[in-house]
Amino acid sequence: ADVYIGFEYGLTNDLNIDLGRSAMPYGGGLVTLELKYALLHQTNDDSSPLAISLVGETGLRPYGAFAAFGDRVSYFGQAIFARKFSHSFSFEIAPSIMQNNLPVPNVAGSTQSIFSVNATARLKVTKLMGIVVDYAHPFSSFRNANGFSDPLGVGIQVVTGGHVFTLNVTNARAVSEINYLSSTTEDYARGQYRLGFTISRMFDFNHKEKYTPR
């Protein structure tokens, strides 16, 4: 089980900063600091058919025994290419690179850097409810040969005013990309999956703009 709480603030219309803390009982937890920048927005006339965002994240493991402070640190970078094909269907694909200063797991053959491709699709079944599927494939010969699995989750998302609720089933034990890309070994075929619940709440400090769920 993993519990994550995070606070995200829009510094501008295009730049967000996020501070989060996860508490994985088997990994000592992770503190993350993330910046997300909207490089390009999709337009209604398709003059810009894609939305492109860039994500940079630093993670710190505050507990556990490490030989040096730098071994506690991991980095994550991602480029998100997203398109809303219709009012009901959206899709994004995101090549990612992760760097653990200390390999996870720290055994022979395990590498510090992991390149992966993440993909997410959302299908709205009503105005305020949708189905979300999220998948990630880390490219690693070590993981392919040592029983690691690709993280896969399926969820139901419900929007109620400023809240967004998500119920999901996933084989990943962690919430943070840094953790679930490093250490997912559970497999649906062996009955190894978990039920997750997420709630997010938007606070509007600029009353000149009205928030509309997308």
Report the residue count in segment 180-207 for those that are touching a strand residue (DSSP E or B) at 6+ places or on another chain (Cβ under 8 Å) and hydroxyl-bearing (Ser, Thr, Tyr). 6
Subset of segment 135-164 (residues that are within 28 Å of Phe197 (Cβ to Cβ) and hydroxyl-bearing (Ser, Thr, Tyr)): Tyr135, Ser149, Thr160
Counted residues in segment 170-196 being of a type in the set (Gly, Ala, Ser) and either touching a His at 6+ places or on another chain (Cβ under 7 Å) or under 18 Å from Val132 (Cβ atoms) (or both) come to 4
Step by step: first the residues of segment 166-190, then only those that are within 26 Å of Leu60 (Cα to Cα), open to solvent by less than 30 Å² (accessible area, probe 1.4 Å) and among the hydroxyl-bearing types (Ser, Thr, Tyr), then the one that is modelled with the highest pLDDT. Which residue is that? Thr170
Here are Asn144, Asn106: which of them is farther than 25 Å from Glu8 by Cβ, in a loop (DSSP other than H, G, I, E, B) and at pLDDT below 95? Asn106
If I go through segment 120-141 residue by residue, how many of them are part of a strand (DSSP E or B) and open to solvent by less than 40 Å² (accessible area, probe 1.4 Å)? 7
Looking only at residues that are closer than 20 Å to Ser90 by Cβ and at pLDDT below 95 in segment 127-141, which one is nearest to the chain's Cα centre (by Cα)? Leu128
Output for segment 48-101, where each listed residue is in contact (Cβ under 8 Å) with a residue 24 or more places away in the chain, open to solvent by less than 30 Å² (accessible area, probe 1.4 Å) and of a type in the set (S, T, N, Q): Ser53, Ser74, Gln78, Ser90, Ser96, Asn100
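Out of curiosity, is Ser116 modelled with pLDDT under 95, in contact with a Pro (Cβ under 7 Å, 6 or more places away or on another chain) and open to solvent by less than 50 Å² (accessible area, probe 1.4 Å)? Even if it seems obvious, please write down each step before you answer.
Numbers: modelled with pLDDT under 95: no; in contact with a Pro (Cβ under 7 Å, 6 or more places away or on another chain): yes; open to solvent by less than 50 Å² (accessible area, probe 1.4 Å): yes.
Considered against the rule, which asks whether it is modelled with pLDDT under 95, in contact with a Pro (Cβ under 7 Å, 6 or more places away or on another chain) and open to solvent by less than 50 Å² (accessible area, probe 1.4 Å), Ser116 comes out as no.
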So, Val154, is that one among the aliphatic types (A, V, I, L, M), touching a strand residue (DSSP E or B) at 6+ places or on another chain (Cβ under 8 Å) and in a strand (DSSP E or B) or not? yes
Here is a list of conditions, (1) in a loop (DSSP other than H, G, I, E, B); (2) among the β-branched types (Val, Ile, Thr); (3) closer than 22 Å to Ile80 by Cβ, and Thr185 meets all of them except one; can you say which number that is? (3)
Pairs, please: C-beta under 9 Å, at least 6 apart or cross-chain, first residue under 30 Å from Ser110 (Cα atoms) and in segment 184-209, second open to solvent by less than 100 Å² (accessible area, probe 1.4 Å) and at pLDDT below 85? Arg194/Ala1; Arg194/Asp2; Gly196/Asp2
Whether any residue in segment 37-59 is at pLDDT 95 or above, under 22 Å from Phe197 (Cα atoms) and touching a strand residue (DSSP E or B) at 6+ places or on another chain (Cβ under 8 Å) is what I want to check. no
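The values are calculated or read from the model by the stated rules, or taken from the named source; none is laboratory data. From a predicted model like this one, the values you see are computed outputs, not experimental measurements. Reconstructed Cβ throughout: ideal geometry from the backbone, glycine too, with neighbour counts over all protein chains shown. Note: areas computed on protein heavy atoms with side chains; ligands, DNA, RNA excluded. Shrake-Rupley method; radii C 1.70, N 1.55, O 1.52, S 1.80 Å.
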